[in-house]
Amino acid sequence: GNPILSPAETDDEADQKSIGGSSNRAQLQNPNHNKRSCFKLLLIIIFNLPGHYGNVDFLKEVYKNDFLHIIFYGPKPQSKFVHTSIDPRGFFQHRTAVDAMRNNPDFDGYLWVGDDVWLNYPLLLTRMNLSKIWLHRRGETKWIETSKEVESVWENWKKPFGLPAVRKIYKAFPEKYLKRMRDLFGGEKVFRSASDVVYMPARFRKDFMEIASKMHDVCFEIAFPTALRLVSTNTDIEYLSKSRYLWYNRRRDHVSDFWKVTLSLLHPVKYGKGEAIRKLALNWTAQSLKRLQYTHPKSLC
């Protein structure tokens, strides 16, 4: 299996309803599926382009104090640090998720994060429930009938890895999932949402791997939310509050104008642009740590 990097190896207003009002410090005390005395969490950071591997050391520095197990994936391997992704183009990150879980089964939870995301992890580890799936509300679309054409501003529905790919895979779907779709949503439908940060507790691991593997050639922004909804119930899901995306109108050139300490995440933040943006991101995290009076949960390992 893939080796895990440990620290020793490395040189708008928050929506409280979405976040959940209680602290995980209490919830993490509950026994987990491996009967450990702590909750073992794996952070998986995914690169779409090998040209960004220069950010590996910086990202280790960002996360090492609170994530004791970190693994990197990308299109090409780089020494011992970056494992070869099963996703050569950046559209199929669920393939990488399946590979990471297959090679690292001894964890209680899996958190996937893009390499160009500023993640307000002190907020998430304090407020979100690690026994539940975390999904985005951004880009949330009604369940789409797979047999119909889609009128949507999201152009990827019409690309080969959008609805055309979805229509092909239904022949390979286990009947239990097709039945679940029909029972829950009144037809054979799929879901789409932003998926730059996704978390899943290990109790869904086996079922997620089964269905996500069937969605091999489907865009990850369809595959992640569809697969995770099919293996869970509404009460198993929490939503990331107040995500901020900067893709248009050159907003990503002015990231500091859009950052707030109450955001769950900011995307994209191009850490390779230089030391100034890296210092800015570290300062944002420091402000969140101070605001929350955050200390590492002793039950997280």
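The values are calculated or read from the model by the stated rules, or taken from the named source; none is laboratory data. Worth saying up front: this structure is predicted, and the values here are computed from it rather than measured. All Cβ positions, glycine included, derive from the backbone under ideal geometry; neighbour counts span all protein chains shown. We work out accessible area using only protein heavy atoms, side chains counted, and drop any ligands, DNA or RNA first. Shrake-Rupley method; radii C 1.70, N 1.55, O 1.52, S 1.80 Å.
For this structure, a couple of remarks:
- Test: residue in segment 239-260 that is surrounded by fewer than 19 Cβ atoms within 10 Å (Cβ to Cβ), of a type in the set (S, T, N, Q) and more than 14 Å from Val98 (Cα to Cα): yes
- Boolean, Glu210 is over 18 Å from Thr233 (Cβ atoms) and more than 17 Å from the chain's Cα centre (by Cα): no
- Residue in segment 219-233 that is surrounded by fewer than 21 Cβ atoms within 10 Å (Cβ to Cβ) and among the charged types (D, E, K, R) present: no
- Of the residues Tyr248, Tyr239, the single one that is modelled with pLDDT of 90 or more and aromatic (Phe, Trp, Tyr) is Tyr239.
- Verdict on Tyr177 being within 22 Å of Asn129 (Cα to Cα) and either touching a helix residue (DSSP H, G or I) at 6+ places or on another chain (Cβ under 6 Å) or modelled with pLDDT of 95 or more (or both): no
- When the residues of segment 85-112 are filtered to those that are of a type in the set (A, V, I, L, M) and over 11 Å from Leu42 (Cβ atoms), the one that is least open to solvent (accessible area, probe 1.4 Å) is Val98.
- Output for segment 33-49, where each listed residue is under 11 Å from Asp115 (Cβ atoms) and open to solvent by 10 Å² or more (accessible area, probe 1.4 Å): Asn48, Leu49
- If the condition is being open to solvent by 30 Å² or more (accessible area, probe 1.4 Å) and either in a helix (DSSP H, G or I) or of a type in the set (Val, Ile, Thr) (or both), then segment 63-84 contributes only Thr84.
- Yes/no for Leu130 being modelled with pLDDT of 90 or more, part of a helix (DSSP H, G or I) and within 28 Å of Arg291 (Cβ to Cβ): no
- Here Val190 does not fit the description of being aliphatic (A, V, I, L, M), under 20 Å from Arg102 (Cα atoms) and open to solvent by less than 20 Å² (accessible area, probe 1.4 Å).
- Qualifying residue in segment 282-289 (condition: open to solvent by 10 Å² or more (accessible area, probe 1.4 Å), in contact with an Asp or Glu (Cβ under 9 Å, 6 or more places away or on another chain) and part of a helix (DSSP H, G or I)): yes
- Selection within segment 272-298 - hydroxyl-bearing (Ser, Thr, Tyr) and at pLDDT 95 or above: Thr285, Ser288
- The lone exception for Ser193 - which of (1) in contact with a Phe, Trp or Tyr (Cβ under 6 Å, 6 or more places away or on another chain); (2) at pLDDT below 90; (3) small (Gly, Ala, Ser) it fails: (1)
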